[in-house]
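Here is the structure we will look at.
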Amino acid sequence: MIRTVNLSKIFRTELVETTALREINFEVRKGEFIAIMGPSGCGKSTLLNILGLLDHSNSGEYYFDGIEVSRFTEKQCTMLRKGTMGFVFQSFNLIDDLNVFENVELPLIALSIPRSDRRKKVDAILERMQIGHRRDHYPRQLSGGQQQRVAVARALITNPKLILADEPTGNLDSHNGEQVMQLLEQLNAEGTTIVMVTHSLNHADRAHRVVNLFDGQILAERTDRIFEPQQLS
Amino acid sequence: MIRQSLYMLFRRFINDSLFSFINLTNLTVGFATFILLTQFIASMFSWDKHNENYERIYRVQLFQDQPENRVRHSSSITAALSRHELTKLPEIEKIVLMHDVGDNNKSGVFLSVDKKDQFLIRYGYYADQTVFDIFTFEFIEGVPQKALTEPFSVVLSRTVAQKLFPSGKALGKQIYGENKVVLTVSGVYEDMPEKSNWQPAFLIPMQSFTAFTGWSDYTENYWAYSFYTYVLLKPNADPANVDAQIHDALKDYRKEHYPYLRPMSMLYIKAYYQNDMLIALGLFSFIALLILVLSAINYINLQTANAITRFREIGIKKTLGFTKKQLWSQFILESVTLAFTGGVLGLILAHLMTPAFNRMIGINALTSIFSDWKLVLIMLGVSILTGFLSGIHPAFAISAFNPVTALKQKFIQEETNGITLKKILVTAQFSISLFLLIVSAIIYKQTAYMLTCDMGFESQNLLFANITTNGSGSFDALRQRLISHPEIADACQADYIPYILPGGNEMNWEGGDPEEKVFVRISHIGYDFVSTFQMNITTGRNFSREYPADLDKCLVNETAVRVFGWKDPIGKHIRTNNKNVEVIGVIRDYIVFSVHNPTEPHMYRLLPDSISTDKVYAVRYLPGHEKEAREIVRNEFERAFPLDAFEFRHIQSLIQNENAALAWQRLMKVSGFFALFSVIISSIGLFGLILFFSRHKMKEIGIRKVLGFSFTSLYYTMASSFIRLFIVSIFIAWPLSYFVYLYLPGAHKYGIQLGEFVLCTLITLAVAVATISYQIIKAVRTKAVEVLKDE
């Protein structure tokens, strides 16, 4: 599903050049659950942003479903992103002025889906995430775990092929963190590809494969669980 | 999506109520001010429109020499021109010839039912029956067809009818004019609307003109410019054709005097070719537009400032796949919605303020905005357009944010060197505020100057009356009796006094080209005119009882000396009516008619000692003795004029009712109005601006605080960028304001002073510094940790 060839990213200011990613060669197969680990500033989030088409690399190639997308325009990126990718953030990134229902509804609006269909889909996903009873609440009225469940619901609402999660449990206590992890495992089991950045070894162990980044380079890859593409069928 | 955007807008509006309040107040006040000023300007162009034939009515006027010469136009022409030349023209459907009853410039005439209760009525006219065909009258009693057909009839306006006959009908009743003639009321008409240039108090048939004035051959007279003529052109007739045919109609009588038609639509705003009113209204339109622009700039600044609080929303939406276009539309929609709301509230505010505005300017110039749906729609259109145009910049800025940085809520630092749009907006904001304030001050001072300036004579403690009499006697004797009272300082007679404009003639002067003539105004004055009005003789001497030959001599004013190019005026001669008249003294220039007009050459002849016919009497009393003086004056004049009606008034009443003074007073009040509102809008704008900057600089302040910077240095950091832009705006606003001063109408201008500019600048700066301080103190007081933890 994802393949990068010599992907590099350099942040330039007038005086300094910082290499965030150095010739990353990396592959994610359909249905895989990948964890990316590494110390602060090693380029984890930059990589995730590039994979999510929120940012561009300076050089190298990025193939998404076999298509080279690294030179896509902003508009093309937006078109590809919506409906295909879901994002989960450490800080949830819910919109404070919208209630739970409306937050989850947002990606469907971006896809111009009719209102009645939106309602059905949102209700269904909220039930599934067990937050249906909170649909009219605002983010500030929810606990961290609940907020993250809303964020996951929002990421899933369009049935994306790929979920990009940037430290989804980073702001949660262990109990809530565990719940979110179970949710992700369940999604993965249903066939969604997941790339997750995490600091937690324990959570990384739940992935098929762990990629260790250091100073913008892949130091090691470790396979924890055997990933069998066939099990998808 | 639209629904959701509006929901969010509404919720944010409730959640950030201070900001929303400021934002909406800015728009509402801006629109309301714009609407009121627009209405005021529009009302100036809608005078006389109550006449059904408005489009086809023209006044016949004439100019001498050049059309551009503003003082040399006459709104009245000769009767012969009207009776003989105009009747030949096929383009003209109806003609009305009119003449003042009495002298409307002086005081009017006295009307009474019983010769006892006299009412001084100004603005009565002799008029042909056709006046009702040309102008639109609304009759309450009688019918227009018969109103002016009988000699010695009179048609009264409602106001005059109610004065004379407070309880009942006037039709068919008899009244006395000046206690001398009997008139029969043949009709009563509704008073002309306020916005009518011509406000006749009563009308008398033209056919009685000779009987009342003793002037029999007036219809053959090509010299006396005292008759008004209005014509109604046939539909589709070209006024230019008429102009061409009448242009030389007077060439056999007066060279270089050219009659022409002036459309009724022009009579109020540009009766002759002078642009004063248009310049003033143009200035006002410009100011109205500036206020709207100022309000829009504020709005842009406020919206952009607010965008910073929405980084996260933008980041999230972009991540979730909202396109730039979708976000752009969302922000434009928000902007238009807010501006539209401001527009609606502005309309309501304007509607509520209309009565106060009318009271302020002294006439009911404005009707409620809601009575004109076209204007309402236009204003709502303007508000939508404002919202759209002001939304473009914030919408672009917002929708262009990179989602990653937006999510991290990092402020995208704009380059600090070079000219950015933001700097332009801020400078424009400062410049417009400063400009509006200085211009208001200039207009205010100019008006105040016109109303209180040194007029060249002392206008306080001075009573005057115009008395027309068949009696005779010595004025000196009357004067002696008057000044024997200690309360009376002086008294004089004259045919014209300041603010009652005399006619004049074209004259040659000694040392000048015999072919060249100059129009010189002529008035006749008694020995004590100069002393009563406390004028000054700059050269030579005043008329004196010790020189009987003074009856053949004259005085002139300084302007005449200047125009004639005389070095030593005493002993020089002026040629008028084929006689050479010797100059014995020069009166210092004074304002003859209006501060608005330039002073013209003026010649003064001595009045023989007699109280016969038509004179103006002026009495100066000692300050603080007005009550006693009025009593003395009434008694003495009743003794001298037992059969005549008169009424003494303050000369101030003439000055304050003078049209130019009224117009300027109105302008002063309106300018005060917009000054106040532009200061309010500017303050709101500054508040928004500084909010914008301080939200930008929060992090910097946080870091500086952690590092132990003092309050003063924090203050300096925040304020210095504003002060620089403020200085730039001074360089823009000052010259522009001075330009306005230069082009401000009025012949007599006050001396502009640097102090006014400095004061206005200090006021604007004070508002700026106060707002800056509020924001800075707020920013500085915020805990550094709060600011920094987002990073």
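Where a number appears in this text, it was derived from the coordinates with a stated rule and is not lab data. Quantities reported herein were computed from a predicted structural model and do not represent experimental measurements. Counting neighbours? That spans all protein chains shown, and the Cβs are built from the backbone with ideal geometry, glycine included.
Structure above, values below:
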item	result
Chain B - percent relative contact order, Cα under 8 Å, separation 6 or more	16
Dipole of region B:2-78, positive direction: furthest Cα of B:Phe45, B:Met8, B:Val60, with charges on the beta-carbon	B:Met8
Computed lengthening from B:Leu622 to B:Leu6, 0.36 nm per intervening residue step minus Cα-Cα distance	214.5 nm
Three-way shape call for region A:138-189 based on the alpha-carbon gyration tensor, with the a/c threshold at 1.5	oblate
Amide proton proximity set for B:Trp509, modelled H, under 5 Å, gap of 5+	B:Arg575
Once the Cα gyration tensor of region A:62-190 is diagonalised, semi-axes √(5λ) in Å	24, 18, 13
Check: region B:456-584 dipole with +1 on Lys, Arg Cβ and -1 on Asp, Glu Cβ, in debye	80
Residue-averaged 222 nm ellipticity for the protein assembly as shown, from DSSP H runs of 4+ at -39500 (n - 2.57), nearest 500	-14500 deg cm²/dmol
Shape category assigned to region B:99-209 from the gyration tensor of Cα positions, a/c cut at 1.5	rounded
Sequence of B:Phe10, B:Phe137, B:Phe165 once ranked by neighbouring C-beta atoms within 10 Å, starting from the fewest	B:Phe10, B:Phe165, B:Phe137
Spacing of the two label points (7 Å from each Cα toward its C-beta) at B:Asn580 and B:Ser544, in nm	2.4
Farthest positive-ward along region B:566-628 dipole, Cα basis, beta-carbon charges - from B:Phe593, B:Asn577, B:Ser610	B:Asn577
Qualifying GluC sites (Glu not before Pro) in region B:1-95, DSSP loop, other Cβ atoms within 10 Å at most 13	B:Glu52, B:Glu68
Calculated FRET value between B:Gln460 and B:Asp614, using beta carbons and R₀ = 25 Å, to 0.05	0.45
Peptide B:396-402 - average C-beta neighbours from other chains (10 Å radius)	1
Among the listed pairs B:Lys88/B:Lys234; B:Lys553/B:Lys579; A:Lys9/A:Lys75; B:Lys255/B:Lys572; B:Lys517/B:Lys579; A:Lys75/B:Lys325, those beyond 19 Å (Cα-Cα)	A:Lys9/A:Lys75; B:Lys255/B:Lys572
Burial ranking of peptide ranges B:431-439, B:342-350 (average Cβ count within 10 Å, highest at the top)	B:431-439, B:342-350
Simple label model, 7 Å out from Cα along Cβ direction - B:Ala448 to A:Glu68, nm	7.7
Cβ-placed point charges (K, R +1; D, E -1), dipole of region A:117-194 about Cα centre in debye, nearest 20	460
Averaged over B:320-332, number of beta-carbon atoms from partner chains that fall within 10 Å	5
Reach of B:Lys180 by Cα under 18 Å, taken over aspartates and glutamates that are not fewer than 8 positions away in the same chain	B:Asp100, B:Asp103, B:Asp114, B:Asp117, B:Asp614, B:Glu638, B:Asp644, B:Glu647
Sites B:Gln480 and B:Asn364, calculated FRET efficiency, Cβ-Cβ separation with R0 35 Å, nearest 0.05	0.10
Where trypsin sites (Lys or Arg not before Pro) fall in DSSP loop in region A:126-233, at most 14 other Cβ within 10 Å	A:Arg225
Distant-in-sequence amide H partners of B:Tyr499 (H built 1.01 Å from N, under 5 Å)	B:Phe593
Efficiency of FRET from Cβ geometry, B:Leu759 and B:Ser713, R₀ 35 Å, rounded to 0.05	0.70
Dipole in debye (nearest 20) - the protein assembly as shown, about Cα centre, beta carbon charges: Lys, Arg +1; Asp, Glu -1	3400
Over 20 Å [Cα-Cα, region B:274-401], rounded percent	57
Neighbouring partner chain Cβ atoms per residue of A:101-109, average, 10 Å criterion	4
Selected from B:Thr184, A:Ile194, B:Cys453, residue furthest toward positive end of dipole (the protein assembly as shown; charges at beta carbon)	A:Ile194
Along each principal axis, Cα extent of the protein assembly as shown, largest first, Å	134, 62, 54
Proxy reagent accessibility, fewest Cβ within 10 Å first, across B:His485, B:His602	B:His485, B:His602
Mean Kyte hydropathy of 1.6 or more with a Cα span along the axis of at least 30 Å, helices from DSSP in chain B	B:276-307
Cleavage-rule hits (GluC sites (Glu not before Pro)) in region A:125-226: DSSP loop, at most 16 neighbouring Cβ within 10 angstrom	A:Glu190
Ranked B:Trp47, B:Trp373, B:Trp664, criterion: other C-beta atoms within 10 Å, fewest first	B:Trp373, B:Trp47, B:Trp664
Three-way shape label, region B:157-237, alpha-carbon gyration tensor, a/c 1.5	oblate
